[in-house]
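Read-outs: derived from the displayed coordinates by stated rules, not from any lab. The model shown is predicted, which means the values in this text are computed figures rather than measured ones. Using ideal geometry, Cβ is built from the backbone for each residue, glycine included, and neighbour counts are taken over all protein chains shown.
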Amino acid sequence: MKRLDDFRMRMGRDELVPIMIGGMGVDISSSDLALEAARLGGVGHISDAMIKTVTDRRYKTKYVKAKQALYQYNVASADKSAVKFNLGHLAEATKLHVEGTMSRKTGSGMVFINCMEKLTMNAPKETLSVRMNSALDAGIDGITLAAGLHLGSFALIEQNPRFRDAKLGIIVSSLRALQLFLKKNSRLNRLPDYVVVEGPLAGGHLGFGMDWAQYDLATIVAEILQHLRQESLDIPVIAAGGIFTGSDAVRFMDMGASGVQVATRFTVTRECGLPDPVKQEYFKATEDDIEVNQISPTGYPMRMIKGSPGIGDGIRPNCEAYGYLLDANGQCAYITAYNREVAAHPEARRVSVMDKTCLCTHMRNFDIWTCGQLTWRLKDTSLRNADGTFQLLSAAHVFEDYQFSIDNQVRLPLPEVAST
Ligand SMILES: Cc1cc2nc3c(=O)[nH]c(=O)nc-3n(C[C@H](O)[C@H](O)[C@H](O)COP(=O)(O)O)c2cc1C
């Protein structure tokens, strides 16, 4: 019987264990988690979502405070167009996070950074350019382009000395999206080094509409593999979304995939950046507790646990401090929804906003519990403590379970000895 370890993922001259831990913003896929994947010979991701918040927390910088102070005068205004990111600070923060991670890297694997195009930051091109170029300059092994079609993203780093040697890949959810990307970038004579094909069961934002349940990862992977073969394009395909066991992964490898990207199973590891009480919510979730909704201001459907405290909350938009979802005109769908509720309830001290959420504030505070569809199976991957809580896992345990398990099995951890 085959196991995932019977395969290797080739990317150029590099040979890797075919397991990629997906990017999970805001610092859910922490440096520690990514570094474990690299140590074990696979690929880990850090994320540059809300990078200034991440460095303030991890490296004691004061970027958020500085931005908040600069734009304090604008807090009560509905017009956020003046609230711009300091590009110098953005570059510094990216450098800190990437260098801080890469300086600790061991093993034969790699660490990539997840860059979401939907973080438009009130100046989409300028900020994305700084984010990607700074990450390359700081020595990241690769960049995964996410949450967007990224038709212009390669051009933004074309002049970077590492444009041809760093690993560059993109996440797509359809053959059409991949075709558009390849067509748009053909003049650069630079193919992506890998394509992550993300199906409808993934966590985070989905590349599908609310009819996501009608799609199926295996069908999309097969279509893309066939297209690449037809066009004689040698680009490794990495399948993602709902791959819960090593055997699930082997099925994609047998189809011709080069690797898998997985995330949900790592949300309950010690290395994951979620607070421990939130990890317990992931363990406890039942199938009925998980929904796909449209409250993300990005316009993409997002999967999350229904009990997320950020759902329905009506906090005042906090763009002066954050503002990562402001579009090129300084607009965000949450601001519109919030203003509508305030106008409708002028007497209320606090409004409730059901149709959109202030994603920056709530992701920063770990109050939107985004998750994969199979989160409800996490309870079967660990042991229960005497107090009813679940034992957290090590990232190495989960990684090696994917790598070595057979027969759809999930290996349980050894019981933890209570410290006295
Ligand atoms: C908690 C969580 C947060 C995520 N955040 C992001 C993100 O910021 N950017 C992104 O491209 N994908 C994100 N994803 C998607 C994962 O990187 C990955 O592709 C997908 O979840 C794999 O499916 P699985 O979770 O069923 O293993 C997230 C997934 C989870 C579970």
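In plain terms, the C-alpha convex hull of the stretch 175-223 casts an average shadow of 4.1 nm² when viewed from every direction.
Highest GNM mean-square fluctuation, the chain, Cα pairs closer than 10 Å: which of Lys52, Lys356, Lys62? Evaluated over the chain, the most mobile residue of the options is Lys62. Converting the Cα gyration tensor eigenvalues of the stretch 1-49 into ellipsoid dimensions via √(5λ) gives semi-axes, longest first, of 23, 12, 9 Å. Principal axis extents of the Cα atoms in the stretch 46-118, from largest to smallest and rounded to whole angstrom, are 51, 26, 17. Only one residue of Asn408, Leu33, Leu374 has its Cα farthest out toward the positive end of the dipole of the chain, where Lys and Arg carry +1 and Asp and Glu -1 on Cβ, and that residue is Leu33. Label zone of Arg13 (point 7 Å out along Cα→Cβ, amide N under 18 Å): in the stretch 216-245 this covers no residue at all. Within the same chain, lysines fewer than 8 places from Lys62 are excluded, and of the rest, those with a Cα less than 29 Å from its Cα are Lys52, Lys80, Lys84, Lys95, Lys105, Lys118, Lys125, Lys279, Lys356. Under a Gaussian network description of the chain, with springs only between Cα atoms under 10 Å, the residue in Glu231, Glu126, Glu92 that fluctuates furthest is Glu231.
Separation of the stretch 33-65 from the stretch 66-86 is 25 Å, based on Cα centroids.
Using R₀ = 25 Å, calculate the FRET efficiency as 1/(1 + (r/R₀)^6) where r is the Cβ-Cβ separation of Asp288 and Arg411; round to 0.05. Once the sixth-power term is evaluated, E becomes 0.40. Of interest is the spacing of the C-alpha centroids, which for the stretch 265-281 and the stretch 128-193 amounts to 30 Å.
Dipole size of the chain about its Cα centre, with +1 on Lys/Arg Cβ and -1 on Asp/Glu Cβ: approximately 1000 debye, rounded to the nearest 20.
Using the alpha carbons of the stretch 6-142, what is the convex hull volume per residue in cubic angstrom, as a whole number?
110
Between Ala155, Ala240, Ala263, the residue with the greatest mean-square fluctuation in the GNM of the chain (Cα pairs under 10 Å linked by springs) is Ala155. Listed by chain and number, the aspartates and glutamates placed with their C-alpha closer than 15 angstrom to that of Lys67 are Asp56, Glu92, Glu320; residues fewer than eight positions away on the same chain are left out.
With the cut-off at 28 Å, report for the stretch 71-205 the share of all Cα pairs above it, as a whole percent. Mind showing how you got there, number by number?
On the way: 2121 of 9045 pairs.
Here the tail beyond 28 Å accounts for 23 percent of pairs.
Calculate the FRET efficiency for Gln179 and His345 from the Cβ-Cβ distance with a Förster distance of 51 Å, rounded to the nearest 0.05. Calculated value: 0.60. In terms of Cα atoms, the Rg and Dmax of the chain work out to 20.8, 66 Å. Taking 20 °C and 1.002 mPa s as conditions, the stretch 246-306 diffuses translationally at an estimated 152 µm²/s according to Stokes-Einstein applied to its Kirkwood radius (Cα pairs).
Computed over the stretch 279-414, the quotient of the alpha carbon radius of gyration and 2.2 N^0.38 Å is 1.33.
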